[in-house]
């Protein structure tokens, strides 16, 4: 997770966000979010954040400003008001065909499984259709 104020400055970054940029979360806090995105994708970042007013930010694939320009998916929530904020998740995009063999679960079963996983009642192996995607798609906070 990354917390960004209305001016585009990172106010908080989770511990998993820094390693992709070869920085610690403390080094990321106070930086403009745009400085963490590859220069050629900064306009796309601005458009993505503009379309996220009052709600959900559509998942968008961008490149990070690291040596390899790692591809990532940026999504999250935009909170409007006098203290506008963005709460973003940044993660690796799914690999092509990664979930092609995974069975589709009914929404009720998925919700029950997610609730149990959140409480630590089940391991990811208890949901084999989910495990491959969760194991490969590291969420960067």
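FYI, it's all coordinate maths here, none of it is from the lab. The structure presented is a predicted model; accordingly, all values stated were derived computationally and were not measured. Note that we place each Cβ from the backbone using ideal geometry, even for glycine, and neighbour counts take in every protein chain shown.
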Based on Cα positions only, what radius of gyration and what Dmax would you give for region 2-91, in angstroms?
-> 12.0, 37
Percent relative contact order for region 1-88, counting Cα pairs under 8 Å at least six residues apart, stands at 28 percent
Ranked packing of 79-88, 8-17, most packed first, by mean Cβ within 10 Å | 8-17, 79-88
